[in-house]
Every structure is written in C-alpha cells, then in structure tokens.
1. Taking the chain as a Gaussian network, where each spring joins two C-alpha atoms under 10 Å apart, which residue of Lys154, Lys176, Lys94 fluctuates the most?
2. Using DSSP to define loop residues, name the chymotrypsin sites (Phe, Trp or Tyr not before Pro) in segment 79-138 whose beta-carbon has at most 10 other beta-carbon atoms within 10 Å.
3. How do Thr287, Thr109, Thr359 line up, fewest other C-beta atoms within 10 Å first?
4. For the chain, give the magnitude of the charge dipole about the Cα centre (Cβ charges: +1 Lys/Arg, -1 Asp/Glu; no others), in debye to the nearest 20.
5. Kindly flag which residue pairs out of Lys106/Lys251; Lys140/Lys167; Lys245/Lys373; Lys241/Lys351 have an alpha-carbon separation exceeding 25 Å in this structure.
6. Report ³J(HN,Hα) in whole Hz for each residue of segment 48-60, in order, from the Karplus equation J = 6.51 cos²θ - 1.76 cosθ + 1.60 where θ = phi - 60°; Gly and Pro get x.
7. Helix 153-179 versus the longest principal axis of the chain: what is the Cα-based angle in degrees, 0 to 90, to the nearest 10?
8. Among Ile369, Tyr358, Ser320, whose Cα sits farthest toward the positive end of the charge dipole of segment 258-394 (+1 at Cβ of Lys/Arg, -1 at Cβ of Asp/Glu, about the Cα centre)?
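Read the figures in this text as sums done on the coordinates, not as results from a lab. Quantities reported herein were computed from a predicted structural model and do not represent experimental measurements. All Cβ positions, even for glycine, are placed from backbone atoms using ideal geometry, and neighbour counts span all protein chains on display.
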Amino acid sequence: MKRINFRKIELLAMMALLISACSGGPKPVATTEAEEVLAEDIVELRDDQIKLAKVELGVLEMKTLGNSLKVNGVVAVAPQNLATVCMPLGGFIKSTNLMPGSAVSKGQTLAVVENQDFVDIQQNYLEAKNKLVYAEAEYKRHTALFKDDVYSEKNVEQVTVDYKNLKAQVKSLEQKLTMIGINPDRLSEDNIRNTINLVSPIRGYVKNININIGKYVSPTDVLFEIVNNDHLLLELTLFEKDADKAIAGQKIGFFINNEKEEHEAIISQTGRSVDDNKTYRVYATVTSTCKNIIPGMYVNAYISQSDSLVPALPSGAIVSFDNKDYIFVYEREKEEDGKPFTEYRMIEVKKGASGEGYTEVILPEGFDIHSAKIVVNGAYNLLSAKKNAGEMAC
C-alpha cells in the first residue's frame, strides 16, 4: 500500500518538472479569460491605427450614373448680373476706397467724380425751370385773352412755342441730371455741387477697377466691373454630333479645380447654331451652393442620359479581393485591456455603373442604407489590415 502512494507522488513530481521546463520556470497560478476570436468579416483597429490608415466615414449617396456625356466649359454669369460702370459726362476722380474683390451693395458709392460741367447743368436746369414757370403763366393768360378776342392768333402761337420749348428744355436737363446721379426734385439754388457720387447699379463684387485718384475719365472709359455670383451659369461646349444629347431641363454634374466635391446644374438653354469649329453652346443654371466658384473658372461636367438615381459611393470605397468586391462598414466601439478599439465589418457588394469618381453599389438584402456608416476613405488600408493582421491588427 505504501509503495503505491510513493509511485503516485513520484508521477506527480515528474509532471510538475515537465510543466516547469516548458513554461520556463515555476509561475504563480492565475486564471485567464478566453481570448476573443474575431469573425472572418471583422477587422479591428486602435485609434492611432485609424489615423495612420486615414479612415474616413461617410454615407451612401444617390447619384445619376450610367451613360453620360463628358463636356468642358467655363463658369459665367448672366448679362443682368454683370455691370460695367462708366461716368456719362466724364470728370476727375476725387476719391474711391474700393479694391478688386470688395463686396458692394446696389446704390453704394464706388467713387466721387468732380467736373465743372456738373455745375453748368444744374445752373441751366434751375434757370430753365424758373423761366418755365413764367412762360406757363403767360401761355395760360394769352390763351384766355385770345378767347376774348384781345390777342391775335399770331401772338398766342408765339407764346405757345416759347412755352413748349422751355418745357422740352427742362425735361432734357432733368434727364441729364438723372443720368449723372442728381435728383432734379431735390435740386435747388442752395445745394448746387461740382461732385457726383458714382454708384453701383447691382449688388455683387468688384471684378476690375481702372481708376486712381486725380485721373481724368471720359464717358467711354470703363471705371468698374461689378459681378453678382448669386446666379451663376455654365457655358458648355458640345460637338455637333452630340446636339441631340442635351435638352433643357437635364441635370448636370460638374467639378472645378480637380475637387472631389460635385456641384449640380440644370440645362436652361441650348444653342441654335453651330460654330465654325463644329461646336455649339449649352447653358446651364447652377443650382447647388458653391462658395468657391468664380466666373471664368474651367469646369469638367457630365450630362446624364438617365434620370434614375442609384446608391453610389466614391470608387475608392470599394475594394476587390479574390475576384469579389467589398465595402467596410462601421460596426462598433469596444475596449480590450483598457484600450479602445473600433470594429469594421467587411460586406460583399456588386458594382454597377461608374462615372466622375463614383460607382453604383448593389447591396445585399436587408442592408440599411440610411443609417450605415461606410468607410469612404482608407478602405484599401483596412483590406491590408485584414489580409496582414500581424502588421496592423492586434
């Protein structure tokens, strides 16, 4: 009996030695939790790894993709939103405080112009107006006396001519005063002036300034150019063979300065003639808010040949692996050993039509397109982390 107990003790001791040798020496016994096993379609990253991978989230967008006509053009403004400012009677520039790019409102003073001719016009107007008062009274008196056979018809005709001539002269001078910016109704002998405020006819921004203080300007000189950017147009150039592919009411997507942001416009008018180089013009009204668009910029645009909207993502958000296409969707936040992690789920999709940096995605049944947060930038880095878990994933 004692021999059997000794053998049991000896066997246990040998097992302890083997365990100690494999583990590198005796260690305190501790209870460990089972390691988490990630699903095949999940990749997790720490915050610093997310920054390194440049991961950005976005949402599905509804785009008009498919057959589209790519065209080039420039940003323009309608004639009523572009004003060229001149001084009808010329003069010397006395002051101005504007710079190119300055915002101006309608009726705002652009410059003060000085000219002795302004004084002469005001003087002539007041003199003619005073004479008209006397001539009108004479006209009425002679007409009444003629009815009583006191005056001859010849005298009445002469008075009538003088009265109408003065009336025409006053009206003419009123128009000149209005043209240079003086209100005839407010003009009197006490407020005659030799300077005129040159004002902006529209609201907008100063595009060009061609004056300086002391410079003499003539009526034909362009002093200011004012442009209003609130209602921009696209002037697109199409080839003759594509004339039937653009009609009023069609939607247009366009990009400027190689930006990723897409802007929208609607064709408002198509050309009615073909230029010598076999091209013709199409005009579209910009409908989206575009703060960084300035008249004169070149644009790359596409005219959609279909009005159907499809769910689409930037083409870089879709990655290929083993002849299949995938997107990554934000799954959840979690903690491991006190460190925050983010999980992304890899979802198989199918690609559809592409255009202007976007690709249609055909999603699996049950996918929530409204609430899903999709990786729109850094998807290839997530794929690398999935394939090479030892380098990026934990």
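1. Maximum among the listed residues: Lys154.
2. Details: sites: Phe92, Phe118, Tyr125, Tyr134; in loops: none.
Qualifying residues, ordered by number: none.
3. Fewest to most other Cβ atoms nearby, the residues stand as Thr287, Thr109, Thr359.
4. Taking the Cα centre of the chain as origin, the dipole is about 460 debye.
5. Values: Lys106/Lys251 32 Å; Lys140/Lys167 14 Å; Lys245/Lys373 36 Å; Lys241/Lys351 30 Å.
Those over the limit are Lys106/Lys251; Lys245/Lys373; Lys241/Lys351.
6. 5, 6, 5, 5, 4, 7, 6, 7, 10, 9, x, 10, 5
7. Once rounded, one gets 20 degrees.
8. It is Tyr358, whose Cα lies furthest towards the positive end.
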